[in-house]
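Beneath this line is the structure, given in structure tokens, with notes to follow.
The values are calculated or read from the model by the stated rules, or taken from the named source; none is laboratory data. The model shown is predicted, which means the values in this text are computed figures rather than measured ones. Cβ placement follows ideal geometry from the backbone for every residue including glycine, while neighbour counts extend to all protein chains displayed. To get the accessible areas, we keep the full protein, side chains included, count just its heavy atoms, and leave off ligands, DNA and RNA. Shrake-Rupley method; radii C 1.70, N 1.55, O 1.52, S 1.80 Å.
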Amino acid sequence: MKKIIKNGTIVTAADTYQGEILIEDGKITQIGSNLSAIGAEVVDAKGCFVFPGGIDPHTHLDMPFGGTVTKDDFESGTIAAAFGGTTTVIDFCLTNKGEPLKNSIQTWHDKSKEKAVIDYGFHLMISEINEDVLGELPQVINEEGITSFKVFMAYKNVFQADDETLFKTLISAKEHGALVMVHAENGDVIDYLTKKALDEGNTAPIYHALTRPPELEGEATGRAANFTGLANSQLYVVHVSCADAVEQIAKARSKGFDVWGETCPQYLVLDQSYLEKPNFEGAKYVWSPPLREKWNQDVLWNALKSGQLQTIGSDQCSFDFKGQKDLGRDDFTKIPNGGPIIEDRLSVLFSEGVKKGRISLNQFVDITSTRSAKLFGLFPKKGTIAVGADADLVIFNPNIERVISAETHHMAVDYNAFEGMKITGEPVSVLSRGEFVVRDKQFVGKPGSGQYLKRAKYNKNALVNQNETLSIQ
């Protein structure tokens, strides 16, 4: 059925204007004024912004970690994402050394099949580089449409890859048109500091942060950036949490290196003191990199505003406080790393960013949607409001005031990282390819309706043009 969205303010990364949107067969077919509504369902967006659907470039759904599995799978996780205004997620597919990459990819297809309510794609973890892996990469890129690879520089003896693996991955990515992502922390030094803390009897959650100091994130970020420059390749640094890492990204970009940075809502509004909450409550805030001292927040906000950081991911990786996080009650290293963030990503950034004047409305759209679409081979199908694009749209009321709480969220986890936070702005209705997933704050979607997205190769030119557009504004 045709739909026409009327009376809303359309907002893209470049423009803000009054207009109407005609949707047919899941696509945007017309944008203008006084469009013919004959035979179309009229959707009134009066008093609301109409944004392109959010793209979350960083999720961990149904992921095994630390002897347990994340609480949110592709069904509950994507339902929560939709309520939060996200219409596309890119999830991390973990691999096992010595096994074909295609086995891991199939495992992730099995996890997501008939569950996702919005569209999704995969990043692929690279833990080793050998002839077998190198031989598989072209197939992964060209047939599976997986055009981004993640290398962990942390989690020694679990996920951590060595420098040779990272460098060879950068070389291969340059050759095949893929984007390399890094979790940038110095895993070797963290391993030493962690063992030392435990030997000294320091087992509380706060030691998760104290054994992963910001200097080690900055060092690893700089190392990865220098490797990227040496390889003349492209790099995306995930979940940047501190000034040390921002400085290294800015330095690399000033040298002309093709380096991009992502931060997350939790680093913009929460700080290290949360890990010191009594009665083991600090465990709720254990993720990596850890929360930092509060002053880092201003640095991150300024980096988003100036363009030194370009995207915001959720790093959704939810574990129940009771039954999962408390596995580490007597040993902080056994607390599963991660938090429930996917639902509140857009609202926190809008309330704390746009409403408080830290970023513009158009920057908000770029950071939450457009830039990720361009970086990860989804633009212009996703990430913008334009004729021919998928009708992934968010009708967003900018004036609703509410309090975030686990009692009202849609994630499957028993706590909310932003519990009690007062925010302004909320998605009212969300459409994926022209069909309502959330309508008037009620779920009307269907598990399995989300489609797997084969993504295009990395295209630096598209991103250069976006930089020029933003610098003109």
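Structure above, values below:
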quantity: Nonlocal amide H pairs with Val437, under 5 Å, H built at 1.01 Å; calculated: Val430, Leu431, Ser432
quantity: Value of Rg/Rh across the stretch 346-472 [Cα atoms, Kirkwood radius]; calculated: 0.99
quantity: Those trypsin sites (Lys or Arg not before Pro) in the stretch 273-302 that DSSP places in a loop and that have at most 14 other beta carbons within 10 Å; calculated: Lys294
quantity: Solvent-accessible area per residue, Å², over the stretch 29-156 with all protein chains present [probe radius 1.4 Å]; calculated: 35
quantity: The stretch 129-221: equivalent-ellipsoid semi-axes (sqrt of 5 x gyration tensor eigenvalues, Cα, Å); calculated: 33, 12, 11
quantity: Between 0 and 90°, nearest 10: helix 101-112 axis offset from the chain longest Cα axis; calculated: 50
quantity: Karplus-derived 3J(HN,Hα), 6.51/-1.76/1.60, for each residue of the stretch 358-370, Hz, glycine and proline x; calculated: 7, 9, 7, 4, 5, 5, 4, 5, 4, 5, 8, 8, 4
quantity: Cα-centred dipole magnitude for the chain, charges only on beta-carbon of K, R (+1) and D, E (-1), debye, nearest 20; calculated: 1060
quantity: Pairwise centroid distance, computed over Cα atoms, of the stretch 1-78 with the stretch 366-409, Å; calculated: 6
quantity: Cβ crowding within 10 Å averaged over residues, with 67-80, 47-60 ranked highest first; calculated: 47-60, 67-80
quantity: Nearest-ten-degree value, helix 296-306 long axis tilted from longest Cα axis of the chain; calculated: 40
quantity: Glu343 long-range amide H proximity, modeled H, under 5 Å; calculated: none
quantity: Sequence-distant lysines (8 or more away, or on other chains) whose Cα lies within less than 24 Å of Lys196; calculated: Lys156, Lys277, Lys284, Lys325, Lys334
quantity: Probe 1.4 Å, accessible area per residue of the stretch 237-366, Å²; calculated: 31
quantity: Glu175-Lys113 pseudo-label distance in nm [points 7 Å out on the Cα-to-Cβ vector]; calculated: 3.2
quantity: Label-point separation in nm, Val444 to Asp298, each point 7 Å along Cα→Cβ; calculated: 4.6
quantity: Using alpha-carbon coordinates, inclination of helix 74-83 to the longest axis of the chain, degrees; calculated: 50
quantity: For the stretch 1-73, convex hull volume per residue from C-alpha positions, Å³; calculated: 140
quantity: Net charge, Leu137 excluded, C-beta distance under 13 Å - Lys, Arg +1, Asp, Glu -1; calculated: -3
quantity: Projected-area average for the stretch 1-160 over all orientations - Cα convex hull basis, square nanometres; calculated: 12.3
quantity: Placed amide H near Lys71: partners under 5 Å, 5+ positions off or other chain; calculated: Ser318, Phe319, Asp320
quantity: Of all accessible heavy-atom area on the chain, the percent that carbon and sulfur account for (1.4 Å); calculated: 47
quantity: For the chain, with +1 on Lys and Arg beta carbons and -1 on Asp and Glu, the positive-most of His109, Phe49, Val240 along the dipole; calculated: Phe49
quantity: J(HN,Hα) series, the stretch 379-391, from Karplus relation 6.51 cos²θ - 1.76 cosθ + 1.60, nearest Hz, glycine and proline x; calculated: 8, x, 4, 10, x, 7, 10, 7, 4, x, 6, 4, 7
quantity: Radius, Kirkwood style, for the chain when every pair of distinct Cα atoms is counted (Å); calculated: 22.2
quantity: Residue-wise HN-Hα coupling along the stretch 34-50, computed from phi with Karplus coefficients 6.51, -1.76, 1.60 (Hz; x: Gly, Pro); calculated: 6, 5, 5, 9, 4, x, 10, 6, 8, 10, 8, 10, 4, x, 10, 7, 10
quantity: Hypothetical label at Gln30: residues of the stretch 1-20 whose amide nitrogen lies under 11 Å (7 Å Cα-Cβ projection); calculated: 4, 20
quantity: q = 0.16, 0.28, 0.30 Å⁻¹: log10 I(q)/I(0) that the Debye formula gives for the stretch 262-325, counting C-alpha atoms only; calculated: -0.57, -1.24, -1.33
quantity: Inter-label distance, nm, simple model (7 Å from Cα along the C-beta direction), Asn103/Asp331; calculated: 2.8
quantity: Ratio of the Cα radius of gyration of the stretch 259-412 to 2.2 N^0.38 Å, where N counts its residues; calculated: 1.14
